[in-house]
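Asks: Have a look at this one before I ask anything.
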There are 2 protein chains.
Amino acid sequence: MSAGTAAAAEEQPGHLMRREMAEQPAVLERILTRGAGRIREVARRIAARQPRFVLLTARGSSDNAALYAKYLLEIRLGMPCGLVSMSTITAYGARPDLRDVLLITVSQSGGSPDLVAATKAAGAAGAITLAVTNNPDSPLAAVSEQHLDIMAGAEQALPATKSYTATLLALHLFVAGLGGDADGVAVARELPGLAEHLVDRHGEIRALAARYRFAERMVFTSRGYGYATANEAALKLMETAYIPALSYSGADLMHGPLAMVDNISPVIAVVSDGKGGQALQPVLDRLRGRGADLVVVGPRAEVERASAGFALPTRGVAEEVQPILEIIPLQRLAYEVTLARGFDPDAPRALAKVTKTH
Amino acid sequence: MSAGTAAAAEEQPGHLMRREMAEQPAVLERILTRGAGRIREVARRIAARQPRFVLLTARGSSDNAALYAKYLLEIRLGMPCGLVSMSTITAYGARPDLRDVLLITVSQSGGSPDLVAATKAAGAAGAITLAVTNNPDSPLAAVSEQHLDIMAGAEQALPATKSYTATLLALHLFVAGLGGDADGVAVARELPGLAEHLVDRHGEIRALAARYRFAERMVFTSRGYGYATANEAALKLMETAYIPALSYSGADLMHGPLAMVDNISPVIAVVSDGKGGQALQPVLDRLRGRGADLVVVGPRAEVERASAGFALPTRGVAEEVQPILEIIPLQRLAYEVTLARGFDPDAPRALAKVTKTH
């Protein structure tokens, strides 16, 4: 690209988000080659303390990353987990007994005052505290006993993209280490190359975006590991394109919101290649039976049975790391729909990068 | 009402839901007078086992009731809690170590096969299991070690109303008992009378419904105890009126979805009279600053600062039991909006009363 073309690209709406999405393969590679050793060491130290329960606390995209970690911890390690309702500590002053509890606080910036306060209070209540951030010098890292650096580099666009996938990979490596599993890196080895391939397929996403440019609402669904992806994709669409996007686990969708799905609400299903995708089949059958506009992000065979979709290269990729790939086309979908609607994905109205709730 | 008028009322759309909403004061009274002793006894037995952590599992409206219990347990008893991601057990076969864990499964029917399977698996993994249902003869009650009967009587309309408030009251009494607090009944003593008063104010709700009849989407928000109410109100609107209704804790709303709130999305804030409502103030200020159409369900002073609302008689009512009242006008709102749109609240399309996900 010439200097003049580069300068023009700099001025296009969404250039920050686009650049950061494109950085994801390199960020994943960096974590695997330069971060994994340190993550294993943190996991080893925490495993030595023998936590029996895990609480996770986060907001926004980080909350979806925390949900991914919850599935990993429950399925792979059999550790009961909960997501903290922060206001119980910050507004009501609850001081729970947190002996034997590992509290994982996930925050890209590490700067939200309420997360810092809640983490500090949890440490005082006996919890082992672990911060997962993109900033080792953040207040959150400072008040936490242990810290994982997600090594994503500065993120300037308001919608989190590379920091999300980086957080997932760091959490995967951490949970593998916590379980004494030395293969955390091996399982993830193909991810940077596959992510590169996904980033390059933006033409397909642009076509999908044209289809949903005028959608007044969207429903996302998944089961198992992919549920975090569904939540994160819905959040991306809401915060960039201002489309009301709802996300339900397949089972919850049957309990009420299904009444809302009809031929004017497209349903985007994240179908993991594995047990989560299998558990979603009855939901997909029901949606097809109702004539819903069903878009599948998942294995090619599933995409072919849907109204539209995006085939993921999941063959040989363990289900538990598929969310690190699944979100990439959906980030791009939010970006393309936002541009098609005439907005700037880099700077959604009303949002600040570090949210100062107390 | 003459027999002829009664027969005509029987044929009106929504007559089941309307009748069941109106039964709520009597159901609450029944639990306080005839159920409280048994609930205290169950709580005493479980307290003797000294659980240290609580996991909650439920779907749909019961999931919102479980969220209410989570706040009670964390704030009043300092017990760390988590909501179970069911598929980790039913789809992935996770077998967590659940010693010292109390698993509370909430289900109106007690019939969902996945809840029964997950509860059974949790018991086998060492958890103390407690079922909270409207049916003592249900499969769920049978596989659980302990059972709380919410005594709501048969619920025929598909949207849960009386079973929701009955579950909240039963959970309040249970948590009070678990903490050795003999005053659980005293704190709730005024609720049946206040509920009666709320049920009678349907004219006010009809006026509010006229205002939102054509809304294409709605956003609910709250903090603290009222957050369960916001979730349940959103679910009611989705399942009966098919309006995409999103619910966020006030802090989460700032992390993305706020970009979506503008002068075409009304925001309904559930403002509890207490610490939760205080913690919501910065969010309310921000919404007013953006010119949002802000509807408040809460104390009269808060309603007067909003665009519209419904004043709750919260004076002298402990914040922790206010959710039992807050939802009543919002159930009616869903009912009135549904009728105004020409649908039948009793029988939303696509829904079954007992959801058979596995």
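The values are calculated or read from the model by the stated rules, or taken from the named source; none is laboratory data. Note that this is a predicted model, so its numbers are computed, not measured. Quick reminder, even Gly has a Cβ in these numbers, built from the backbone with ideal geometry, and neighbours come from all protein chains shown. Keep in mind that these areas ignore ligands, DNA and RNA; they rest on the heavy atoms of the full protein, side chains included. Shrake-Rupley method; radii C 1.70, N 1.55, O 1.52, S 1.80 Å.
Asks: From the list B:LEU280, B:LEU287, B:LEU237, which one is assigned to a helix (DSSP H, G or I), within 18 Å of B:GLU216 (Cα to Cα) and touching a strand residue (DSSP E or B) at 6+ places or on another chain (Cβ under 9 Å)? Spell out how you get there, then give the answer.
Replies: Numbers: B:LEU280 fails: within 18 Å of B:GLU216 (Cα to Cα); B:LEU287 fails: within 18 Å of B:GLU216 (Cα to Cα).
Checking each option against the conditions leaves just B:LEU237.
Asks: Of everything in segment B:299-353, what is assigned by TED's automatic domain parsing to the domain that holds B:ILE205, out of contact with any Pro (no Cβ under 8 Å at 6 or more places or on another chain), open to solvent by less than 40 Å² (accessible area, probe 1.4 Å) and not in a helix (DSSP H, G or I)? Give them in sequence order.
Replies: B:PRO299, B:ALA306, B:ALA308, B:GLY309, B:PRO313, B:VAL317, B:ALA318, B:GLN322, listed by residue number.
Asks: While we're on this one: Consider segment A:39-73. How many of its residues are over 9 Å from the mean Cα position of the chain (by Cα), assigned to a helix (DSSP H, G or I) and of a type in the set (D, E, K, R)?
Replies: Residues of segment A:39-73 over 9 Å from the mean Cα position of the chain (by Cα): A:39-60, A:69-73.
Then drop every residue that is not assigned to a helix (DSSP H, G or I), which leaves A:39-48, A:69-73.
Those still in the list that are of a type in the set (D, E, K, R) too: A:40-41, A:44-45, A:70.
Residues in segment A:39-73 being over 9 Å from the mean Cα position of the chain (by Cα), assigned to a helix (DSSP H, G or I) and of a type in the set (D, E, K, R): 5 in total.
Asks: Let me ask another. I'm told A:LEU258 meets every condition in (1) surrounded by fewer than 24 Cβ atoms within 10 Å (Cβ to Cβ); (2) within 8 Å of chain B (Cβ to nearest Cβ) except one. Can you identify the failing condition by its number?
Replies: For A:LEU258, the failing item is (1).
Asks: While we're here: Among the residues of segment B:142-166, which ones are part of a helix (DSSP H, G or I) and closer than 13 Å to B:LEU130 by Cα?
Replies: Initially, segment B:142-166 is screened for residues part of a helix (DSSP H, G or I), giving B:142-143, B:162-166.
Once the filter is applied, which keeps residues that are part of a helix (DSSP H, G or I) and closer than 13 Å to B:LEU130 by Cα, segment B:142-166 yields B:ALA142, B:VAL143.
Asks: To continue, here is another question. Given the condition out of contact with any Phe, Trp or Tyr (no Cβ under 8 Å at 6 or more places or on another chain), of a type in the set (A, V, I, L, M), outside the structural domain of B:ARG332 (by TED's automatic domain parsing) and over 30 Å from B:GLU239 (Cβ atoms), answer yes or no: does some residue in segment B:52-75 qualify?
Replies: No, segment B:52-75 has no match at all.
Asks: Of these, A:GLY153, A:GLY180, A:GLY224, which one is on the phi > 0 side of the Ramachandran plot, under 16 Å from the mean Cα position of the chain (by Cα) and not acidic (Asp, Glu)? Spell out the reasoning first.
Replies: Values: A:GLY153 fails: under 16 Å from the mean Cα position of the chain (by Cα); A:GLY180 fails: under 16 Å from the mean Cα position of the chain (by Cα).
Checking each option against the conditions leaves just A:GLY224.
Asks: Which of the residues that make up segment B:169-221 are in contact with a helix residue (DSSP H, G or I) (Cβ under 8 Å, 6 or more places away or on another chain), small (Gly, Ala, Ser), open to solvent by 10 Å² or more (accessible area, probe 1.4 Å) and assigned to a helix (DSSP H, G or I)?
Replies: Passing the criteria: B:GLY177, B:GLY193, B:ALA210.
Asks: Hey, any hits in segment A:166-179 for a residue that's polar (S, T, N, Q) and more than 30 Å from B:MET238 (Cα to Cα)? Reasoning before the result, please.
Replies: Within segment A:166-179, the first condition is being polar (S, T, N, Q), and the residues that meet it are A:167.
Checking which are more than 30 Å from B:MET238 (Cα to Cα) leaves us with A:167.
Yes: one or more hits.
Asks: Which of (1) buried (at least 23 other Cβ atoms within 10 Å of the Cβ); (2) without any contact (Cβ under 8 Å) to a residue 60 or more places away in the chain; (3) at the interface with chain B (Cβ under 10 Å from one of its Cβ atoms); (4) within 30 Å of B:ASP273 (Cα to Cα) does A:THR105 not meet, given it meets every other one?
Replies: The failed condition is (3).
Asks: Looking at the structure I just gave you, is B:GLU319 in contact (Cβ under 8 Å) with a residue 60 or more places away in the chain, in contact with a helix residue (DSSP H, G or I) (Cβ under 6 Å, 6 or more places away or on another chain) and charged (D, E, K, R)? Explain how you work it out, then say what you get.
Replies: On the way: in contact (Cβ under 8 Å) with a residue 60 or more places away in the chain: yes; in contact with a helix residue (DSSP H, G or I) (Cβ under 6 Å, 6 or more places away or on another chain): no; charged (D, E, K, R): yes.
The answer is no for B:GLU319.
Asks: Would you confirm, using the coordinates I've provided, whether B:LEU102 is at pLDDT 95 or above, under 17 Å from B:ASP149 (Cβ atoms), touching a Pro at 6+ places or on another chain (Cβ under 8 Å) and assigned by TED's automatic domain parsing to the domain that holds B:SER144?
Replies: Details: at pLDDT 95 or above: yes; under 17 Å from B:ASP149 (Cβ atoms): no; touching a Pro at 6+ places or on another chain (Cβ under 8 Å): yes; assigned by TED's automatic domain parsing to the domain that holds B:SER144: yes.
Judged against the criteria, B:LEU102 is not a match.
Asks: Still on this structure, please answer the following. Quick one: A:PRO80 ticks every box in (1) facing another protein chain (nearest Cβ under 8 Å); (2) of a type outside the set (A, V, I, L, M, F, W, C); (3) in contact with a Ser or Thr (Cβ under 9 Å, 6 or more places away or on another chain) except a single one, so which number is it?
Replies: (3)
Asks: For segment B:224-234, give me the residue count where each residue is touching a strand residue (DSSP E or B) at 6+ places or on another chain (Cβ under 7 Å) and open to solvent by less than 10 Å² (accessible area, probe 1.4 Å). I'd like the intermediate steps shown before the answer.
Replies: Narrowing segment B:224-234 to residues touching a strand residue (DSSP E or B) at 6+ places or on another chain (Cβ under 7 Å): B:226-227, B:229-231, B:233-234.
Of the ones still in play, those that are also open to solvent by less than 10 Å² (accessible area, probe 1.4 Å) are B:226, B:229-230, B:233-234.
Going through segment B:224-234 one residue at a time, the tally reaches 5.
Asks: Still on this structure, please answer the following. Check whether at least one residue in segment B:25-38 is at pLDDT 95 or above, in contact with a Phe, Trp or Tyr (Cβ under 9 Å, 6 or more places away or on another chain) and buried (at least 21 other Cβ atoms within 10 Å of the Cβ), and report yes or no.
Replies: The first filter runs over segment B:25-38 and keeps only residues at pLDDT 95 or above, leaving B:25-38.
So of that shortlist, the ones also in contact with a Phe, Trp or Tyr (Cβ under 9 Å, 6 or more places away or on another chain) come out as none.
No, segment B:25-38 contains no residue that is at pLDDT 95 or above, in contact with a Phe, Trp or Tyr (Cβ under 9 Å, 6 or more places away or on another chain) and buried (at least 21 other Cβ atoms within 10 Å of the Cβ).
Asks: Identify, please: which residue in segment B:242-251 is open to solvent by less than 10 Å² (accessible area, probe 1.4 Å) and farther than 15 Å from B:LEU284 by Cα and is, among those, nearest to the other protein chains (Cβ to nearest Cβ)?
Replies: To start, the set of residues in segment B:242-251 that are open to solvent by less than 10 Å² (accessible area, probe 1.4 Å) comprises B:243-246, B:250-251.
Next, only the ones that are farther than 15 Å from B:LEU284 by Cα stay: B:243-246.
Working: B:ILE243: 8, B:PRO244: 5, B:ALA245: 9, B:LEU246: 6 Å.
In this case the residue turns out to be B:PRO244.
Asks: Could I ask something else about it? Residue check: is B:TYR92 over 27 Å from A:SER272 (Cβ atoms) and within 13 Å of chain A (Cβ to nearest Cβ)? Reasoning before the result, please.
Replies: Numbers: over 27 Å from A:SER272 (Cβ atoms): no; within 13 Å of chain A (Cβ to nearest Cβ): yes.
In short, no.
Asks: Any residue at all in segment A:75-91 that's open to solvent by 20 Å² or more (accessible area, probe 1.4 Å), out of contact with any Cys (no Cβ under 8 Å at 6 or more places or on another chain) and part of a strand (DSSP E or B)?
Replies: Scanning segment A:75-91 turns up at least one residue that is open to solvent by 20 Å² or more (accessible area, probe 1.4 Å), out of contact with any Cys (no Cβ under 8 Å at 6 or more places or on another chain) and part of a strand (DSSP E or B).
Asks: What's the number of the only condition in (1) in a helix (DSSP H, G or I); (2) within 12 Å of chain B (Cβ to nearest Cβ) that A:GLY224 fails to meet?
Replies: Checking A:GLY224 against (1) in a helix (DSSP H, G or I); (2) within 12 Å of chain B (Cβ to nearest Cβ), the one that fails is (1).
Asks: Mind listing just one residue for me: the one in segment B:42-63 that is of a type in the set (Ser, Thr, Tyr) and in contact with a strand residue (DSSP E or B) (Cβ under 6 Å, 6 or more places away or on another chain) and, of those, farthest from the other protein chains (Cβ to nearest Cβ)? I'd like the intermediate steps shown before the answer.
Replies: Residues of segment B:42-63 of a type in the set (Ser, Thr, Tyr): B:57, B:61-62.
Among the residues that remain, those that are also in contact with a strand residue (DSSP E or B) (Cβ under 6 Å, 6 or more places away or on another chain) are: B:57, B:62.
Details: B:THR57: 11, B:SER62: 9 Å.
Selected residue: B:THR57.
Condition check ((1) away from chain A (no Cβ under 12 Å); (2) over 19 Å from the mean Cα position of the chain (by Cα)) across all residues:
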{"site": "B:ALA234", "(1), (2)": "no, no"}
{"site": "B:LEU237", "(1), (2)": "no, no"}
{"site": "B:THR240", "(1), (2)": "no, no"}
{"site": "B:LEU253", "(1), (2)": "no, yes"}
{"site": "B:GLN278", "(1), (2)": "no, yes"}
{"site": "B:PRO282", "(1), (2)": "no, yes"}
{"site": "B:ARG286", "(1), (2)": "no, yes"}
{"site": "B:ARG290", "(1), (2)": "no, yes"}
{"site": "B:GLU302", "(1), (2)": "yes, yes"}
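Asks: Only one of (1) under 25 Å from A:PRO257 (Cβ atoms); (2) polar (S, T, N, Q); (3) crowded, with 24+ Cβ neighbours inside 10 Å is not met by B:SER144, so which one is it?
Replies: B:SER144 satisfies all of (1) under 25 Å from A:PRO257 (Cβ atoms); (2) polar (S, T, N, Q); (3) crowded, with 24+ Cβ neighbours inside 10 Å except (1).
Asks: Only residues that are of a type in the set (Phe, Trp, Tyr) and either in contact with a His (Cβ under 9 Å, 6 or more places away or on another chain) or more than 7 Å from chain B (Cβ to nearest Cβ) (or both): list them for segment A:64-77, please.
Replies: Kept after step one, since they are of a type in the set (Phe, Trp, Tyr), are these residues of segment A:64-77: A:68, A:71.
A:TYR68, the sole residue that qualifies.
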